[in-house]
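The values are calculated or read from the model by the stated rules, or taken from the named source; none is laboratory data. Worth saying up front: this structure is predicted, and the values here are computed from it rather than measured. Using ideal geometry, Cβ is built from the backbone for each residue, glycine included, and neighbour counts are taken over all protein chains shown. To get the accessible areas, we keep the full protein, side chains included, count just its heavy atoms, and leave off ligands, DNA and RNA. Shrake-Rupley method; radii C 1.70, N 1.55, O 1.52, S 1.80 Å.
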Amino acid sequence: MTRLLLIGPPGAGKGTQAARLAEIYGVPAISTGDIFRSNVKNGTELGTKAKAFMDAGDNVPDSLTNALIRDRLEEDDAKNGFLLDGYPRTTDQVRELDEFLASHGSALDVVVELEADTEVVVGRLRKRALEQGRSDDTEEVVRHRLEVYSEQTAPLIKTYAGRDVLVTIDALGEVDAVTARITEALFDRGISATDAGSR
Ligand code: ADP
(Lines give C-alpha, C1' and ligand atoms only; values in the text may rest on other atoms or scores of the structure.)
Protein backbone atom coordinates (compact mmCIF):
# COMPACT_ATOMS: atom_id res chain seq x y z
CA MET A 1 0.00 0.00 0.00
CA THR A 2 1.62 3.19 -1.21
CA ARG A 3 0.34 6.70 -0.75
CA LEU A 4 2.35 9.27 -2.63
CA LEU A 5 2.05 12.89 -3.46
CA LEU A 6 3.83 14.87 -6.17
CA ILE A 7 4.41 18.55 -5.64
CA GLY A 8 6.25 21.09 -7.79
CA PRO A 9 5.74 24.11 -10.02
CA PRO A 10 3.74 23.98 -13.25
CA GLY A 11 6.02 22.55 -15.94
CA ALA A 12 8.12 20.48 -13.53
CA GLY A 13 6.82 17.31 -15.16
CA LYS A 14 4.39 16.10 -12.50
CA GLY A 15 1.90 14.68 -14.99
CA THR A 16 4.58 12.83 -16.96
CA GLN A 17 6.15 11.32 -13.86
CA ALA A 18 2.78 10.59 -12.26
CA ALA A 19 1.76 8.32 -15.15
CA ARG A 20 5.01 6.36 -14.92
CA LEU A 21 5.02 6.10 -11.14
CA ALA A 22 1.41 4.95 -11.09
CA GLU A 23 2.40 2.03 -13.28
CA ILE A 24 5.56 1.24 -11.36
CA TYR A 25 3.83 1.23 -7.97
CA GLY A 26 0.47 -0.14 -9.11
CA VAL A 27 -1.60 2.74 -7.80
CA PRO A 28 -3.95 5.16 -9.59
CA ALA A 29 -2.53 8.57 -10.53
CA ILE A 30 -5.06 11.16 -9.45
CA SER A 31 -4.57 14.57 -11.02
CA THR A 32 -6.97 17.31 -9.98
CA GLY A 33 -5.95 19.28 -13.09
CA ASP A 34 -6.91 16.34 -15.35
CA ILE A 35 -10.20 15.82 -13.52
CA PHE A 36 -11.05 19.51 -13.87
CA ARG A 37 -10.08 19.51 -17.56
CA SER A 38 -12.25 16.51 -18.31
CA ASN A 39 -15.16 18.18 -16.51
CA VAL A 40 -14.66 21.32 -18.59
CA LYS A 41 -14.54 19.24 -21.76
CA ASN A 42 -17.73 17.40 -20.85
CA GLY A 43 -19.51 20.59 -19.85
CA THR A 44 -20.42 19.39 -16.35
CA GLU A 45 -21.55 21.77 -13.62
CA LEU A 46 -18.18 21.39 -11.89
CA GLY A 47 -16.41 22.13 -15.17
CA THR A 48 -18.47 25.24 -15.72
CA LYS A 49 -17.60 26.49 -12.24
CA ALA A 50 -13.90 25.65 -12.54
CA LYS A 51 -13.21 26.96 -16.06
CA ALA A 52 -12.84 30.67 -15.34
CA PHE A 53 -10.38 30.02 -12.50
CA MET A 54 -8.33 27.64 -14.63
CA ASP A 55 -8.20 29.97 -17.63
CA ALA A 56 -7.01 32.78 -15.38
CA GLY A 57 -4.34 30.53 -13.82
CA ASP A 58 -5.93 30.78 -10.38
CA ASN A 59 -6.61 27.90 -8.06
CA VAL A 60 -10.14 26.55 -8.22
CA PRO A 61 -11.79 27.30 -4.85
CA ASP A 62 -10.90 24.83 -2.08
CA SER A 63 -14.54 23.94 -1.45
CA LEU A 64 -14.91 22.52 -4.98
CA THR A 65 -11.51 20.88 -5.06
CA ASN A 66 -11.81 19.27 -1.64
CA ALA A 67 -15.22 17.81 -2.43
CA LEU A 68 -13.90 16.40 -5.68
CA ILE A 69 -10.86 14.76 -4.13
CA ARG A 70 -12.84 13.31 -1.23
CA ASP A 71 -15.14 11.54 -3.69
CA ARG A 72 -12.23 10.37 -5.80
CA LEU A 73 -10.28 8.93 -2.86
CA GLU A 74 -13.38 7.03 -1.74
CA GLU A 75 -13.41 5.07 -4.99
CA ASP A 76 -12.37 1.43 -4.85
CA ASP A 77 -9.16 1.75 -6.84
CA ALA A 78 -7.76 4.27 -4.34
CA LYS A 79 -8.35 2.07 -1.30
CA ASN A 80 -4.97 0.39 -1.67
CA GLY A 81 -2.94 3.49 -2.31
CA PHE A 82 -2.74 6.38 -4.71
CA LEU A 83 -0.50 8.98 -6.25
CA LEU A 84 -1.81 12.52 -6.00
CA ASP A 85 -0.64 14.99 -8.64
CA GLY A 86 -1.55 18.65 -8.17
CA TYR A 87 -3.28 18.21 -4.83
CA PRO A 88 -2.95 19.58 -2.18
CA ARG A 89 -2.14 23.05 -3.44
CA THR A 90 -3.19 25.15 -0.45
CA THR A 91 -3.00 24.98 3.34
CA ASP A 92 -6.72 24.28 3.45
CA GLN A 93 -6.30 21.33 1.09
CA VAL A 94 -3.51 19.92 3.28
CA ARG A 95 -5.89 20.08 6.23
CA GLU A 96 -8.62 18.38 4.25
CA LEU A 97 -6.30 15.59 3.10
CA ASP A 98 -4.97 15.12 6.65
CA GLU A 99 -8.50 14.75 7.96
CA PHE A 100 -9.48 12.37 5.20
CA LEU A 101 -6.46 10.14 5.79
CA ALA A 102 -6.77 10.26 9.59
CA SER A 103 -10.42 9.28 9.39
CA HIS A 104 -9.38 6.26 7.32
CA GLY A 105 -6.54 5.38 9.68
CA SER A 106 -3.86 6.09 7.12
CA ALA A 107 -1.21 8.65 6.24
CA LEU A 108 1.03 9.71 3.37
CA ASP A 109 4.13 7.63 2.86
CA VAL A 110 6.21 10.07 0.83
CA VAL A 111 5.82 13.52 -0.67
CA VAL A 112 7.97 13.90 -3.78
CA GLU A 113 8.99 17.45 -4.59
CA LEU A 114 9.99 17.99 -8.22
CA GLU A 115 12.43 20.85 -8.26
CA ALA A 116 13.00 22.89 -11.41
CA ASP A 117 14.01 26.49 -11.86
CA THR A 118 11.65 29.06 -13.29
CA GLU A 119 13.44 29.56 -16.59
CA VAL A 120 13.30 25.85 -17.35
CA VAL A 121 9.61 25.46 -16.51
CA VAL A 122 8.64 28.53 -18.51
CA GLY A 123 10.51 27.09 -21.50
CA ARG A 124 8.79 23.72 -21.13
CA LEU A 125 5.35 25.30 -20.84
CA ARG A 126 6.01 27.45 -23.90
CA LYS A 127 6.78 24.29 -25.85
CA ARG A 128 3.67 22.55 -24.47
CA ALA A 129 1.55 25.55 -25.49
CA LEU A 130 2.62 25.04 -29.09
CA GLU A 131 2.08 21.26 -28.95
CA GLN A 132 -1.15 20.98 -26.95
CA GLY A 133 -2.77 24.40 -27.01
CA ARG A 134 -3.88 24.26 -23.37
CA SER A 135 -5.87 27.41 -22.64
CA ASP A 136 -3.81 28.15 -19.50
CA ASP A 137 -0.41 27.84 -21.16
CA THR A 138 -0.26 31.36 -22.59
CA GLU A 139 2.73 33.43 -21.50
CA GLU A 140 0.74 35.72 -19.23
CA VAL A 141 -1.27 32.96 -17.56
CA VAL A 142 1.85 30.83 -17.08
CA ARG A 143 3.51 33.70 -15.24
CA HIS A 144 0.47 34.02 -13.00
CA ARG A 145 0.33 30.26 -12.33
CA LEU A 146 3.96 30.41 -11.20
CA GLU A 147 3.10 33.25 -8.80
CA VAL A 148 0.14 31.35 -7.43
CA TYR A 149 2.42 28.34 -6.98
CA SER A 150 5.06 30.26 -5.06
CA GLU A 151 2.50 32.03 -2.87
CA GLN A 152 0.07 29.22 -2.10
CA THR A 153 1.73 25.89 -2.83
CA ALA A 154 5.50 26.24 -2.28
CA PRO A 155 4.98 26.89 1.47
CA LEU A 156 3.43 23.41 1.80
CA ILE A 157 6.82 21.87 1.07
CA LYS A 158 8.05 23.08 4.45
CA THR A 159 5.02 21.56 6.13
CA TYR A 160 5.82 18.15 4.69
CA ALA A 161 9.54 18.50 5.33
CA GLY A 162 8.65 19.09 8.98
CA ARG A 163 6.82 15.76 9.02
CA ASP A 164 9.84 13.99 7.59
CA VAL A 165 8.00 12.63 4.55
CA LEU A 166 9.59 14.88 1.93
CA VAL A 167 12.05 13.85 -0.76
CA THR A 168 13.33 16.51 -3.15
CA ILE A 169 14.18 15.42 -6.67
CA ASP A 170 16.00 17.36 -9.36
CA ALA A 171 13.44 17.51 -12.20
CA LEU A 172 15.94 18.56 -14.86
CA GLY A 173 17.20 16.22 -17.53
CA GLU A 174 15.74 13.23 -19.33
CA VAL A 175 12.32 11.93 -18.30
CA ASP A 176 13.80 8.46 -17.64
CA ALA A 177 16.56 9.92 -15.49
CA VAL A 178 14.05 11.81 -13.35
CA THR A 179 11.93 8.68 -12.94
CA ALA A 180 15.03 6.74 -11.88
CA ARG A 181 15.91 9.40 -9.30
CA ILE A 182 12.43 9.16 -7.84
CA THR A 183 12.33 5.35 -7.69
CA GLU A 184 15.76 5.31 -6.02
CA ALA A 185 14.68 7.84 -3.42
CA LEU A 186 11.50 5.88 -2.75
CA PHE A 187 13.45 2.62 -2.51
CA ASP A 188 15.60 4.24 0.17
CA ARG A 189 12.38 4.98 2.01
CA GLY A 190 11.30 1.35 1.80
CA ILE A 191 8.96 1.68 -1.17
CA SER A 192 9.49 -0.78 -4.01
CA ALA A 193 7.91 -1.31 -7.39
CA THR A 194 5.05 -3.80 -7.53
CA ASP A 195 5.39 -6.95 -9.63
CA ALA A 196 2.80 -5.52 -11.98
CA GLY A 197 4.82 -2.36 -12.43
CA SER A 198 8.24 -3.93 -12.93
CA ARG A 199 7.04 -6.52 -15.43
P1 ADP B 1 -0.06 22.79 -13.50
O2 ADP B 1 0.36 22.22 -12.21
O3 ADP B 1 0.89 22.50 -14.62
O4 ADP B 1 -0.42 24.25 -13.41
P5 ADP B 1 -2.56 21.30 -13.38
O6 ADP B 1 -3.10 20.45 -14.46
O7 ADP B 1 -2.11 20.63 -12.14
O8 ADP B 1 -1.38 22.11 -14.04
O9 ADP B 1 -3.63 22.40 -12.98
C10 ADP B 1 -4.26 23.22 -13.94
C11 ADP B 1 -5.28 24.15 -13.25
O12 ADP B 1 -6.29 23.34 -12.61
C13 ADP B 1 -4.71 25.01 -12.13
O14 ADP B 1 -4.14 26.21 -12.60
C15 ADP B 1 -5.99 25.26 -11.30
O16 ADP B 1 -6.81 26.24 -11.87
C17 ADP B 1 -6.71 23.93 -11.38
N18 ADP B 1 -6.32 23.02 -10.26
C19 ADP B 1 -5.68 21.83 -10.37
N20 ADP B 1 -5.49 21.27 -9.16
C21 ADP B 1 -6.00 22.13 -8.24
C22 ADP B 1 -6.10 22.16 -6.83
N23 ADP B 1 -5.62 21.16 -6.07
N24 ADP B 1 -6.70 23.22 -6.24
C25 ADP B 1 -7.18 24.22 -6.96
N26 ADP B 1 -7.13 24.29 -8.30
C27 ADP B 1 -6.54 23.26 -8.95
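Residue by residue through the stretch 56-64, what is 3J(HN,Hα) from phi via Karplus (6.51 cos²θ - 1.76 cosθ + 1.60, θ = phi - 60°)? Round to whole Hz and write x for glycine and proline.
Whole-Hz 3J(HN,Hα) from phi for the stretch 56-64: 7, x, 8, 5, 5, x, 4, 4, 5.
Given H placed on each backbone N at 1.01 Å, which residues far from LEU84 in sequence or on other chains put an amide H within less than 5 Å of it?
Amide H neighbours of LEU84: LEU4, LEU5, LEU6, ILE30.
In Å, the Kirkwood hydrodynamic radius of the chain over pairs of distinct alpha carbons?
Final number for the Kirkwood radius of the chain is 17.2 Å.
With a 10 Å radius around each residue's Cβ, average the other Cβ atoms per peptide and rank 177-185, 130-138, highest first.
Ranking, from highest mean packing down: 177-185, 130-138.
Take ILE157 and GLU131, extend 7 Å from each Cα along the Cα→Cβ direction, and tell me the distance between the two endpoints in nm.
2.4
So what's the net charge close to MET1: Lys and Arg +1, Asp and Glu -1, counting the other residues with Cβ under 10 Å from its Cβ?
Around MET1, the charge tally is +1.
Using a 1.4 angstrom probe and counting only protein chains, how large is the accessible area of THR118 in Å², to 10?
Approximately 90 Å² of THR118 is accessible to the 1.4 Å probe.
As a check on your grasp of the helix formula, calculate [θ] at 222 nm for the chain: sum -39500 (n - 2.57) over DSSP H runs of n ≥ 4, divide by the residue count, round to the nearest 500.
On the way: 10 runs with 111 residues, N = 199.
After summing the helix terms and dividing by residue count, I get -17000 deg cm²/dmol.
Just to be sure I understand the curve: with the Debye formula and one point per C-alpha of the stretch 50-117, what is log10 I(q)/I(0) at q = 0.19, 0.29 Å⁻¹?
-0.85, -1.44
Simple spin-label model, 7 Å along Cα-to-Cβ: ASP55 to SER38 in nm?
For the pair ASP55/SER38, the computed spacing is 2.3 nm.
How much accessible area per residue does the stretch 2-198 have, in Å², with a 1.4 Å probe?
With the other protein chains kept in place, the stretch 2-198 gives 50 Å² per residue.
Over the chain, what percent of the accessible surface lies on carbon and sulfur atoms, probe 1.4 Å?
Working: 5040 of 10240 Å².
C and S fraction of accessible area: 49 percent.
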